[in-house]
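Structure first, commentary second.
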Amino acid sequence: MSEKKLKHVKKLALVLNILDEEYQNSVFSGIKKRAKELNVEVICLQHENATIYEDTLVTRFPEFNFFDVDGIILLSSVFSDCPFLQNAESIRSLWPGIPVISVGQQIDGIPSLAIRSKNAMGKLTKHLLTHHNYKQFLYISGIEEHVDSKERKAIFENTISKYMTKNPDLSYDSITGDFSEAIARERLTAYIETHKNKPADVIVCANDNMALGVNKYLKSQSSKHPWSHCAVTGFDDIPQSELEIPAFTTVRQPLREMGEKAVDIMLDHIEGKETNPMSYVESKLIIRESCGCKRKTEKSKTYSEKQLTNIQRKFFQSEHFLRQMSHFAQQLNSCNQEDGLMYTLDTNLAILGINDFALYSFPNPFDENATISKHSIKANELFLRRNGERLTQYGHIKTDTLISFIKNLSENLPASTVVKLLHTSNGVIGCIIYDGPQIIHPYICSISTNLAQTIFRLQTNAQKQKYSEQLEKAVEKRTQELMEENNKRIKVEAEVLKISEMERQRFSTDLHDDICQRLAGLAMLCRCYSSSEKPINKEQMVELTELITETLQTTRQYAHNSFPVELDSLGMKDSLSNLCNTFQSQAKYPCSYEWNLPENKIFTRPQAINIFRIIQEALQNVLKHAKATEVKVEIFTQRKTVFIRIIDNGKGLSTNSKKKDGIGMKSMQYRADQIGAKFSTKRNEPTGTIIELTLEEKKLENC
């Protein structure tokens with residue numbers, strides 16, 4: 001690839017697992033270096049272990065057309081737990097039309113780049129066999145399915161096997177790690193528990209991270225422990241391997257060189273130039289002290305002084321970042337407001353030297369109304385820092401679709417940018433987009449957990465506040481409704497008392513003006529007959545008997561009007577029939593009556609009494625005010641509703657809207673409310689009035 005810069009700015013996406021370990025970080029560093037030389041933009045996307053979904057925004061690999069990239073570099077770390085990506089067809093279906101290359105692992109049909117480690121791994125094993133004459137070996141491999149892990153283990157075993165034919169005292173055993181420091185230490189601890197008195201001469205690790213874990217375990221044991229003086233070797237030659245005491249004998253993988261070469265191959269692929277299906281960079285054996293070798297020359301002594309200075313510098317730098325990250329995490333954990341989050345980010349990012357940083361939140365996973373469609377998902381720009389200046393102000397958070405956000409943002413992003421999704425136990429809750437020095441990436445990966453929890457806490461608090469406000473409004477509304485209902489109830493009670501008082505007054509008046517007058521007349525007639533010297537004849541007795549009979553009938557009618565006793569003895573149907581017959585005899589015009597209720601349905605006693613009273617009151621109103629010539633009472637069911645209607649052909653309702661309903665109307669309305677029925681009045685065409693009562697059939701009793 002020519003050193004000359006490209007005429008048009010290209011944009012590449014590097015997809016890897018996570019920048020919390022040296023291998024991926026170093027490859028990214030090499031890619032950044034070469035991309036800067038060629039004026040190429042780079043977006044590093046950390047996929048971690050998110051699950052692939054077909055129609056959600058957050059997939060294992062975000063939609064790269066968000067960033068409008070020209071090519072994709074896949075680092076081998078993304079393949080270990082994703083069979084979907086281990087063939088060219090699947091990769092092209094995921095990113096149609098976008099050139100893709102693989103780095104660290106060969107994929108047939110995709111231009112691939114890897115480190116050739118066969119020679120160096122063989123040289124390392126031979127060095128341990130011939131230079132140190134070690135007999136007992138323990139090999140700690142990486143992930144079993146990982147291509148590099150399988151290749152390194154095969155080379156080690158093949159080399160040992162060749163020497164076993166000449167030296168029968170040679171032996172080896174192997175255990176499986178996963179390339180991580182913690183798991184290697186855990187597996188070694190378990191192995192030593194069952195092989196404590198059979199120590200190995202040397203422990204060969206498939207990478208330097210596992211060698212670090214092994215070394216820490218051995219150093220933690222007393223000098224009398226059988227395994228404490230075991231030699232250790234690694235693979236990769238990460239910076240820590242040189243700083244470790246003793247420094248690791250390892251195989252140097254030219255990771256930065258591989259990153260630089262990946263950019264060249266990617267750009268050739270984009271421009272349609274012919275590329276090799278498989279390219280390699282060579283690894284190199286690095287001999288230091290951990291295998292048992294000692295430095296003896298003056299040059300080595302001088303190198304050790306430089307090494308010590310480097311160790312001190314790295315140590316102080318690491319201590320500074322660890323201490324700062326601890327403060328950063330504590331401050332994030334105490335953030336309960338957006339302004340607190342902005343201040344915390346602004347302060348700590350300035351201390352860490354991160355000038356470009358953006359923080360977005362996605363909908364709360366617990367929000368039932370949250371949409372997860374990749375084309376409509378909303379994102380909130382919680383924080384934006386560019387060129388060392390904070391651009392987001394409190395109370396001015398922007399909200400838009402994530403696609404729109406990132407497309408607008410990508411136009412002004414730095415030439416190299418890292419994207420890190422923020423995970424909680426319930427899913428992805430946001431992302432950060434930033435740029436910074438290589439050393440900062442593991443610390444950002446670490447602090448991202450606190451950022452995710454802070455966003456989740458802010459969203460939860462906002463949701464609680466929203467629910468609280470909704471509840472407060474609902475309580476306020478319900479309180480107002482209860483007050484209105486209470487005022488209405490007070491008015492109804494006042495009307496009931498008024499109606500009751502008027503009923504008593506009317507009953508008292510009827511007794512005084514009718515029954516009492518009749519009884520007074522009877523008394524006067526009896527006194528007259530008793531003071532007469534003539535004996536009482538038959539005609540006088542008949543007259544007296546008729547007066548008494550009329551008074552008795554009137555008294556019974558008043559009693560009947562006060563409480564219809566026949567409701568209990570005759571039932572609702574026949575009682576209403578008697579009521580209509582009585583009305584007809586009093587009014588001297590027809591009063592028809594129709595009863596069409598199912599035989600298995602009857603009114604409850606409260607329903608029967610109140611309906612009877614409503615019909616009774618309605619008929620009295622017709623008799624007194626309607627000037628009708630015909631009345632009809634009908635009770636029937638329709639669409640599971642009971643209808644009670646009193647229909648007359650009188651003069652109809654008053655057209656004066658200001659005229660208030662009389663006591664009778666209010667009494668009927670009150671009784672309807674008591675049994676949960678609806679009461680209404682309307683005009684009957686062409687003349688007259690319809691009084692209607694409706695009641696749900698399910699409120700009746702079954703017989």
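Give me the distance in nm between label points sitting 7 Å out from Cα along the Cα-to-Cβ direction at residue 640 and residue 694, one decimal.
A separation of 1.4 nm, rounded to one decimal place.
Over 23 Å between Cα atoms: which of 123/261; 601/682; 126/166; 261/420; 491/627 fall into that group? Don't skip to the end; give the middle numbers.
Working: 123/261 25 Å; 601/682 28 Å; 126/166 14 Å; 261/420 25 Å; 491/627 31 Å.
Pairs exceeding 23 Å: 123/261; 601/682; 261/420; 491/627.
Out of the total accessible area of the range 142-288 (probe 1.4 Å, heavy atoms of protein only), what percent is carbon and sulfur?
Exposed carbon and sulfur together represent 48 percent of the surface.
Tell me, in nm to one decimal, what length is gained between residue 613 and residue 193 on full extension, where the rule is 0.36 nm per residue of separation less the Cα-Cα distance?
Numbers: separation 420, 0.36 × 420 = 151.20 nm, distance 9.47 nm.
Residue separation times 0.36 nm, minus the Cα-Cα distance, leaves 141.7 nm.
Report the far tail of the P(r) of the range 178-306, meaning the percent of Cα-Cα pairs longer than 25 Å. Don't skip to the answer; put the middle values down first.
On the way: 3318 of 8256 pairs.
Cα-Cα pairs of the range 178-306 separated by over 25 Å account for 40 percent.
Which FRET efficiency, nearest 0.05, do residue 171 and residue 426 yield, Cβ-Cβ r, R0 41 Å?
0.25
Under a 5 Å amide H to amide H cut-off, with H placed in plane at 1.01 Å, what residues pair with residue 42 once short-range neighbours are removed?
Placed amide hydrogens put 12, 416, 417 under 5 Å from residue 42.
In whole Hz and in residue order, list the ³J(HN,Hα) couplings for the range 429-434 that follow from phi through the Karplus curve 6.51 cos²θ - 1.76 cosθ + 1.60, θ = phi - 60°; x for Gly and Pro.
10, x, 7, 10, 10, 8
When the Debye formula is applied to the Cα atoms of the range 88-159, each taken as the same point scatterer, what base-10 log of I(q)/I(0) results at q = 0.19, 0.23 Å⁻¹?
Taken in order of the listed q values, log10 I(q)/I(0) reads -0.83, -1.03.
Residue 625 accessible area, nearest 10 Å², 1.4 Å probe?
110
Could you state how much accessible area residue 568 has, in square angstrom rounded to the nearest 10, with a 1.4 Å probe and all protein chains kept in place?
The value for residue 568 is about 100 Å².
Where does each of 41, 186, 594 land when they are ordered by accessible area, with a 1.4 Å probe and the largest first?
Reading off the accessible areas and sorting them downward yields 186, 594, 41.
Given a Förster distance of 41 angstrom, what is the FRET efficiency for residue 674 paired with residue 339, based on the Cβ-Cβ distance and rounded to 0.05?
Numbers: r = 58 Å, r/R0 = 1.41.
Efficiency, rounded to the nearest 0.05: 0.10.
Using the beta-carbon distance between residue 182 and residue 93 and R0 = 35 Å, what value does 1/(1 + (r/R0)^6) give for FRET efficiency, to the nearest 0.05?
Plugging the Cβ-Cβ distance into 1/(1 + (r/R0)^6) gives 0.45.
Tell me, what ³J(HN,Hα) does each residue in the range 566-578 have, in order and in whole Hz, if you take phi through Karplus 6.51 cos²θ - 1.76 cosθ + 1.60 with θ = phi - 60° and put x for Gly and Pro?
These are the phi-based 3J(HN,Hα) values: 5, 4, 7, 8, 9, x, 5, 4, 6, 5, 5, 4, 4 Hz.
Taking all protein chains together and a probe of 1.4 Å, list 172, 139 from the most accessible to the least accessible. Don't jump to the answer; show the numbers that get you there.
Details: 172 80, 139 0 Å².
Greatest to least solvent exposure: 172, 139.
Testing the spin-label approximation: label points 7 Å from Cα along Cα→Cβ at residue 415 and residue 271. State their distance in nm.
The modelled label-to-label distance comes out at 1.7 nm.
Using each residue's phi in the range 167-182, evaluate 6.51 cos²θ - 1.76 cosθ + 1.60 at θ = phi - 60° and report the 3J(HN,Hα) Karplus result to the nearest Hz, with x for Gly and Pro.
10, x, 6, 5, 8, 8, 9, 9, 10, 9, x, 9, 6, 9, 5, 5
For the pair residue 154 and residue 681, how long in nm is the line joining their label points, each one 7 Å along Cα→Cβ?
For the pair residue 154/residue 681, the computed spacing is 10.0 nm.
Looking at the range 98-231 only, what percent of DSSP beta bridges run antiparallel? Nearest 5 please. List each step's numbers first, then the result.
Values: 1 of 14 bridges.
Restricted to the range 98-231, the bridges split so that about 5 percent are antiparallel.
Keeping all protein chains in position, work out how much accessible area residue 526 exposes to a 1.4 Å probe, and write it in Å² to the nearest 10.
For residue 526, solvent-accessible area is about 60 Å².
For 617, 546, write out the residues from largest to smallest accessible area, computed with a 1.4 angstrom probe and no ligands counted.
Details: 617 35, 546 105 Å².
Per-residue accessible area, sorted high to low, gives 546, 617.
The values are calculated or read from the model by the stated rules, or taken from the named source; none is laboratory data. Since the structure is predicted, the reported quantities are computational estimates derived from the model, not experimental observations. Don't worry about glycine lacking a Cβ; one is built from the backbone with ideal geometry, like all the others, and counts go over all protein chains shown. These accessible areas exclude ligands, DNA and RNA; they are computed on the full protein's heavy atoms, side chains included. Shrake-Rupley method; radii C 1.70, N 1.55, O 1.52, S 1.80 Å.
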